[in-house]
Every structure is written in structure tokens, then in C-alpha cells.
1. Pairs needed: first member in region 158-174, over 18 Å from Thr8 (Cα atoms); second member anywhere, aliphatic (A, V, I, L, M) and surrounded by fewer than 15 Cβ atoms within 10 Å (Cβ to Cβ); C-beta distance under 6 Å; at least 6 residues apart or different chains.
2. Just to be sure before I move on: is Ala36 in contact with a Cys (Cβ under 7 Å, 6 or more places away or on another chain) and among the small types (Gly, Ala, Ser) in the structure I sent?
3. Say we look at region 66-76 and pick out the residues that are in contact with a helix residue (DSSP H, G or I) (Cβ under 6 Å, 6 or more places away or on another chain) and either of a type outside the set (Val, Ile, Thr) or not in a helix (DSSP H, G or I) (or both); which of these is modelled with the lowest pLDDT?
4. Within region 31-59, restricting attention to residues that are at pLDDT below 95 and small (Gly, Ala, Ser), which residue is surrounded by the most Cβ atoms within 10 Å (Cβ to Cβ)?
5. Out of the residues in region 81-101 that are in contact with a helix residue (DSSP H, G or I) (Cβ under 9 Å, 6 or more places away or on another chain) and of a type in the set (A, V, I, L, M), which is surrounded by the fewest Cβ atoms within 10 Å (Cβ to Cβ)?
6. Residue check: is Ile105 open to solvent by 70 Å² or more (accessible area, probe 1.4 Å), among the hydrophobic types (A, V, I, L, M, F, W, C), under 25 Å from Leu22 (Cα atoms) and touching a Ser or Thr at 6+ places or on another chain (Cβ under 8 Å)?
7. Right, Phe28: closer than 13 Å to Val86 by Cβ, more than 13 Å from the chain's Cα centre (by Cα), among the hydrophobic types (A, V, I, L, M, F, W, C) and surrounded by 14 or more Cβ atoms within 10 Å (Cβ to Cβ) or not?
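The values are calculated or read from the model by the stated rules, or taken from the named source; none is laboratory data. Here the structure is a predicted model, which means the values were calculated and not measured. Please note: Cβ atoms are built from the backbone with ideal geometry, for glycine as well, and neighbour counts cover all protein chains shown. To get the accessible areas, we keep the full protein, side chains included, count just its heavy atoms, and leave off ligands, DNA and RNA. Shrake-Rupley method; radii C 1.70, N 1.55, O 1.52, S 1.80 Å.
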Amino acid sequence: MNNISKKTGSTFGYILASYYVLVNVIIFFSDFTLFAKPFLGITNMIVVLILGISCVWITKRRLGNLITTKEGFSAFFIMVVIGLFVNYTVQFILFNYVNPEAKIINNQLMIEMAENIAREINAPKEEIAKQIEFIRNNPNDNFSIKTLSFSFAQGVLGASIAGLLISLIFKNKSEFSTPKAQ
């Protein structure tokens, strides 16, 4: 990994982290129940993709329009790790120290959302009741270190797949080609 990929990935990681801090704080203090709405996750994915594409594109430009898949992916990966780490750290602080009651309300909203989704896909009522009972008896909440760590790993894995595809799109077309015989 070269310094240009690291520097560009770090810069975009700090931009993504700033976005997450700003959005998390504004939503938390205006209406924290929005954390249980799917549109927030979809919006965050779109922002990560836009910043990721920009990150790989700028890395390619800084490298003189010659980029390998590894260099593009490295920049994207660094960006995602920094951004998601800050995102989940801010969520942990907000829901566990600033206003712990918000955590209880959001956990209840997420249980209700899971129940509604199960009903919409016509799951058997006995199975829904069994799963909801399991969720309610589960001692881990959605904002515990264990759950947020799992979400961080899942987010990095999902974004890595997107990052790999983006870096494959931006790589030089001749990266895997064989030299021509003279």
C-alpha cells in the first residue's frame, strides 16, 4: 500500500467520520427514534458509496491515472474503517452515557419493527411470537459494545464488497493482461 492511498483514504475517512458525527448528534437531539427507521441506514449507505467512489477516483488521479485494484481498495477500506469506527463510537456514547432512556425506547421500536416485518412477509404467528420473546429476553441491547462491535464488523464486510467492486471498476484495464510477444 502506498502513501497516496493511505493519505487519501484517511482524508475521506475523516470526512465520513465528520458526516456520521454530525448526523448522529443532530438526529439524537432532534428525534432519536429516527435511528430505528430504515431510511437512515439507506441514506448512510448512499453516502458511503458516493464518498467511496470519490475516494478511489481521487486516489487514481493522484497516482497519475494509474491505479491497481489493491491501491483503490486500500483507500476505500481505510475510509470505511475510520468512518464506521467513529459512527459506532458516537452511537455508544450517545445512547449509553448522554441519554440511556433513549436506548430503551429505540430497542423497543426495533422490536416492533422486526415484528411488523415478520407480519408483512406472512411468517407464522407462532414463529413471530417465539422470535419476539427471544429478542425481549436477550440481555444484549442494540447499543451495547458487543452489538455495536458486531455491527461494525458487518458494516466493514459489506462495505468491503462494495469497495472491491468500485476498485475493480477504476483499476487500469491492463492490470491483468499478459505482455505481447515480440
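1. Final answer for the pair search is Asn172/Leu66.
2. Numbers: in contact with a Cys (Cβ under 7 Å, 6 or more places away or on another chain): no; among the small types (Gly, Ala, Ser): yes.
No: the conditions fail for Ala36.
3. Of the residues in region 66-76, the ones in contact with a helix residue (DSSP H, G or I) (Cβ under 6 Å, 6 or more places away or on another chain) are 67, 69, 71-76.
Checking which are either of a type outside the set (Val, Ile, Thr) or not in a helix (DSSP H, G or I) (or both) leaves us with 67, 71-76.
Values: Ile67: 90, Glu71: 93, Gly72: 93, Phe73: 95, Ser74: 95, Ala75: 96, Phe76: 96.
Checked region 66-76; the qualifying residue modelled with the lowest pLDDT is Ile67.
4. Going through the qualifying residues, I end up with Ala36.
5. So in region 81-101, the residues in contact with a helix residue (DSSP H, G or I) (Cβ under 9 Å, 6 or more places away or on another chain) come out as 81-92, 94-96, 98-99.
With of a type in the set (A, V, I, L, M) added as a condition, the list becomes 81-82, 84, 86, 90, 94, 98.
Details: Val81: 19, Ile82: 20, Leu84: 24, Val86: 19, Val90: 19, Leu94: 21, Val98: 14.
Selected residue: Val98.
6. On the way: open to solvent by 70 Å² or more (accessible area, probe 1.4 Å): yes; among the hydrophobic types (A, V, I, L, M, F, W, C): yes; under 25 Å from Leu22 (Cα atoms): yes; touching a Ser or Thr at 6+ places or on another chain (Cβ under 8 Å): yes.
Yes.
7. On the way: closer than 13 Å to Val86 by Cβ: no; more than 13 Å from the chain's Cα centre (by Cα): yes; among the hydrophobic types (A, V, I, L, M, F, W, C): yes; surrounded by 14 or more Cβ atoms within 10 Å (Cβ to Cβ): yes.
Answer is no for this residue.
Here's the yes/no breakdown for (1) within 23 Å of Ile135 (Cβ to Cβ); (2) at pLDDT 95 or above; (3) of a type in the set (Val, Ile, Thr):
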position: Tyr14; (1), (2), (3): no, yes, no
position: Tyr19; (1), (2), (3): no, yes, no
position: Leu22; (1), (2), (3): no, yes, no
position: Leu94; (1), (2), (3): yes, no, no
position: Val98; (1), (2), (3): no, no, yes
position: Ile105; (1), (2), (3): yes, no, yes
